[in-house]
1. Taking each pair of distinct Cα atoms in the stretch 786-832 once, what is the resulting Kirkwood hydrodynamic radius in Å?
2. From largest accessible area down, sort Asp182, Asp33; use a 1.4 Å probe on the protein chains.
3. Hey, if you drop one equal point scatterer on each alpha-carbon of the stretch 790-881 and run the Debye formula without solvent, what base-10 log of I(q)/I(0) do you get at q = 0.25 Å⁻¹?
4. If you wrap a convex hull around the alpha carbons of the stretch 509-598, what volume per residue comes out, as a whole number of Å³?
5. Counting C-alpha atoms alone, how compact is the stretch 729-809: give Rg to one decimal and Dmax as a whole number, in angstrom.
6. In the stretch 371-414, what is the volume of the convex hull around the alpha carbon atoms, normalised per residue and reported in Å³?
7. If we restrict to alpha carbons, what Rg and Dmax does the stretch 299-383 come to, in Å?
8. Where the convex hull is taken over the Cα atoms of the stretch 597-664, what is its projected area averaged over directions, in nm²?
Amino acid sequence: MKCFPLSSLIIAWGCGLLLLGQACPSLAAGPFDGKSFHGRIAYSCDGNHNDPDDWASSPMALAILAQFGCQQNLVHFDYNSILNNNFPVWEHQHRQTVMEAARRFGYDARLFFDCQQDVDAAVADLVRHINASSADNPLYFVIAGPMEVPARAIHMSNPIKRRFVYCISHSSWNDGFSARYDFPVSKRSIIESGVQWVQIRDQSLLSTSPYPKSREARDADRLPGLMAPMEAFAPYRWLERPDRDDWLFLWQQFIVSGRPDASDAGMIYFLLTGDEQATPEKLRQLFEGNLPPPISERQVIRLEAENFVELVGYQPQYRKDRSISHRLFVRPVGDAHSARLATRVDQPYMAFRTLYDVAIRYMAGQQPTVFELQIGGQESEQVTAPTGSGWQTVRIPAVQIGRRQRMVLAVHGAPVAIDYVELRRSDSSTLAADPPTASPAAGPATGHARFAVTEPLDDPAALPGQVIVGGKNPGYLKINGGRPLFLTGPDNPEDFLYMGELQPDGTRAGGGQMEIIEFLGQAGVNACHMLMFRMQRCNIKDEGDDTHCPFINHDPSQPLNEKVLDQWDGWLRELEKRGIIVHLEFYNDATDVERMGWVLDSNGRLHPDEERFVRGIVQRFRHHKNIMWGIEESANKLPRTWLKHYRALSRLIAEVDGHHHPIVHSLVTPETKERDIHPDRVMSSDLRDAPHVRVITWLHIPPYGEDFEAQHRAYLKYAGMDADRFVRMKNETEYHRIDRRTARVQNWACIFAGMHSLEANWNVSRQDRRPRAIDGGIALRFIERTNWHRCQPHDELATGSTRWVLADPGREYLAYSYDADGPMGLRQLPAGTYDVLWFDTVTGRAVEQQVKVDTTGDVLWPVPAELGPEVALRARAVPKD
């Protein structure tokens, strides 16, 4: 569907509704795919009493819809819907504003109904559109006013059709709950009728000024005049353009209404993008023609407790308390010790089926409470809610939830008030039962939340959302314009690119690469490693395979094989879609390309064939956000004279890349039992003056099996080498026979040494090693809720059952135990209030608490009863007011 800019909008009516074909709507995440809108839209608002914000929100909503080119999807718009009170001057002003906006932005005037003039016609029109709803033609009903008019229509409609109606709200006032206003109908009347209720976050980011201290101007039957200072209008000042008449019209509505508040229009923005955080700046970008693509799937979906269809033993309660989501919660009624909430989970921009970490926010009490969560016909999950006081959150990790499945939350034991149930997508991709993904192909990858840009770019030369090294040396891994990164995942299979049967065109078939990629996404890890050149002919240990190279006819003197690169590009794209960072290394360990003539010339330049190889690879794959370039695995197996060669390689990679993808130098430890480090023993200190290398990774770190303390010390040794210069990684603990628990604890030992943790012993081409990667994904879920990148090892702060500590002293403390048999503690913890996150490193269960430390000193905290002996905690200081 073509999108028309507001400044030159031309609409041709009478062309009929867009035919959408036979696509199954249950498989679509959201109603808008960036080109066409699946379904119809209705809108209801007030504006005739209480608050003049609709005078700006109504035209803004119509303008947003027009900017996306979706005017023909609007089938109903009613306004002035406060029926028990009315200011005639306000009613008239809003009518003029709405109808002028309809004219400007290309809408049929017959769709618009003034409820003060003919509410029966408005209700009858709504009933007609509700009754026309179906799975292939749903109705999205944006409710930007009180519930009375929508409720009349819904209760007069065909009950069978209501399940195809999605009612969208963002305001407890509109929902019929207020300390000041007496509503005849609340949203509960609508929810219980069988519609789908969609409650998004309050759209206050589109309101740039608070209510005035005096309400006199708002409570009189006259135009309110300016109630906010002019500086409050600054975020919308871009609308004040004499050369953009439609924009100027929108600006004038803010001035007439007295406040810069277009919050209700945020619901239309959400409906077309899936983004719950509309801002004036996002609207500016939209109106300037930069249409945001709709998100593929919402990462967080909050189900307010009062919006569950069935409330057994509970009733809604309004409280003027901003710490409560939408100021509404459900409180227990009667003496029932077995109450429940139940609803069908059906939300726009929701995955067809995936794994969610489920958070339940409740009011803690002094008696034990058990939450039991059941999805569809699956086995239920139980979690014990910690006792205490105040609002707390308990989590159930990795719950498989499908769209339109029934969710039942049963409450056993002492009844407690519940604020909401939040679904936060686990760090894994959709399950195999989801609609199939496209086959690998070149082109941009669908954005994963891990690569989201949420702040100004750190590096303008880097791609937005790309992995970079942020800050000055040593720096830290992060997303350009996004969050910091901790990397964990499998180092093997390093021959990933060459698995399967060699085909005549050089590609591979039957190697299971896509199945491995799917598994990595489901496991929740975020990194892997692979090699591009593994030729035996130039390997000093006679390892490798001469077909393991990307040249035509496997001949390094010939050009790169584009068919092979196409296949690699497809796999890299699929990994990027799943949020996987790829340590993409050029040469296998012990590779000496000088043995086949690729030597530096007298000016230190690479051999032309090697330069063509490296340049071609970097040019081909530098468009990916998820690449970290590796030069050669265990590079110190070659003599010190190779340092000059490595510098030439890193210089060329950086020059051709241009986006500052991190460059990694790989080293083997001198203790390796393979005894293959070169006698020159090049170490990280020899690379301190290599300007393009900012990451060092170590292989064959000595293994200590179940002696976890010795293993932790080994990791600390290498994490500390040149820690002031490089980001440090580990790609391999030297091979030794270990079980799943040993692999898991060793991974935590590396994490708490302050070192990124990839591991060769997690070879995911082997089914028996895959549980190790799953445990790595669980660990990542904890680390991503910390400021790990700011913390340093401080094991001297451990007390009680705590084994190891990372800390940013005074701000954040991370503690870990692999055998907690009593309270865990921290030494010399400063006095203050701390948000404490407990995390079971085996199951991923999490418990959140807030504790107060009265005086600086040693503290001991009991491990929550529902967590096992392998446990981590994060204690984050709450800033003082």
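The values are calculated or read from the model by the stated rules, or taken from the named source; none is laboratory data. From a predicted model like this one, the values you see are computed outputs, not experimental measurements. Every residue, glycine among them, receives a Cβ derived from its backbone with ideal geometry; neighbour counts consider all protein chains shown. Surface areas here come from the heavy atoms of the whole protein model, side chains and all, with no ligands, DNA or RNA. Shrake-Rupley method; radii C 1.70, N 1.55, O 1.52, S 1.80 Å.
1. Numbers: mean 1/r = 0.0930 Å⁻¹.
For the stretch 786-832, inverting the mean 1/r across all distinct Cα pairs yields 10.8 Å.
2. Numbers: Asp182 125, Asp33 100 Å².
These residues rank, largest area first, as Asp182, Asp33.
3. -1.38
4. Values: hull volume 9.2 nm³, N = 90.
It is 103 Å³ per residue.
5. That works out to 13.5, 41 Å for Rg and Dmax.
6. Working: hull volume 3.9 nm³, N = 44.
Convex hull volume per residue, Cα atoms: 88 Å³.
7. 14.0, 39
8. Numbers: hull surface 19.1 nm².
With every direction weighted equally, the projected area is 4.8 nm².
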